[in-house]
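Please read the structure below before turning to the comments.
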């Protein structure tokens, strides 16, 4: 008679425990789908390259067929510090639960866009004009970093070395055009809380915007300042 009461209560509980155990076993035995990992890498790289100019194409390499990872509901993609998300690169995928694992997947990111090159030989120090430039199209990831992609980045600047025709122009090989010329009459400007002082002076050397320039005042005093467009020199006292 006592068992007539206890059996109906224990059987559903036992069945529930069996169900949970079976579910846990099934989850523990589930394996990670390789294609889902490749998609995670592709989405991560597309997000990382969203601000790049031109058309971005992401190609994720194959995974080792022998790879046997536990299923992960939310693998986290990451890159090593200093790594760039274009060209040939490597993306890590990390799982923290239910079974921790980390793998690395190779990928290639191509960035097809226009870039600026010299149409004619460019002489060192000479201001660059539009007729000396040409827009080419190619994979920016296969070119050196810092390639100019807009004419405005180049026009009016000058090359730090002489360049042959057809050379892709990097921003680090260009310098801004002079905003102050040697011998030019400039205006010294100094300002602070509640005051602004200006005076005339003559530049001793050439300087581009933001560079330090030496000037001589009408009283013969030599002063250093920062060259600005419009023949201005900012001085801090």
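Placing one equal scatterer on every Cα of the chain and applying the Debye formula, the log10 ratio I(q)/I(0) at q = 0.07, 0.13, 0.14, 0.15 Å⁻¹ is -0.51, -0.92, -0.97, -1.01.
Rounded, prolate or oblate: which fits the stretch 178-234, taking a ≥ b ≥ c as square roots of the Cα gyration tensor eigenvalues, rounded meaning a/c under 1.5, else prolate when a/b beats b/c? Oblate shape, in that a/c is at least 1.5 and b/c is the bigger or equal ratio.
Here the Kirkwood formula, the inverse mean of 1/r across different C-alpha pairs, assigns the stretch 34-111 a hydrodynamic radius of 13.0 Å.
The distance between label points at residue 36 and residue 124 comes to 6.0 nm (points 7 Å beyond Cα on the Cα→Cβ vector). With the simple spin-label model, which puts each label point 7 Å out from Cα in the Cβ direction, the residue 57 to residue 170 separation comes to 2.6 nm.
Working note: 222 nm ellipticity from helices only, DSSP H runs with n ≥ 4, each -39,500 (n - 2.57), summed and divided by the residues of the chain, gives -6500 deg cm²/dmol to the nearest 500. Note: relative contact order over the chain, using C-alpha pairs below 8 Å and six or more positions apart, is 11 percent. Dividing the mean sequence gap of close Cα pairs (under 8 Å, 6+ apart) by how many residues the stretch 178-234 holds gives a relative contact order of 37 percent. On full extension, the segment bounded by residue 97 and residue 197 gains 29.4 nm, given 0.36 nm per residue less the C-alpha separation. Taking 0.36 nm per residue of separation and subtracting the Cα-Cα distance, full extension of the segment from residue 234 to residue 131 would add 33.7 nm. Mean separation of Cα pairs under 8 Å and 6 or more residues apart, divided by the residue count, gives the stretch 129-179 a relative contact order of 38 percent.
Read the figures in this text as sums done on the coordinates, not as results from a lab. Because the structure is predicted, anything quoted here is derived from the model rather than measured. Every residue, glycine among them, receives a Cβ derived from its backbone with ideal geometry; neighbour counts consider all protein chains shown.
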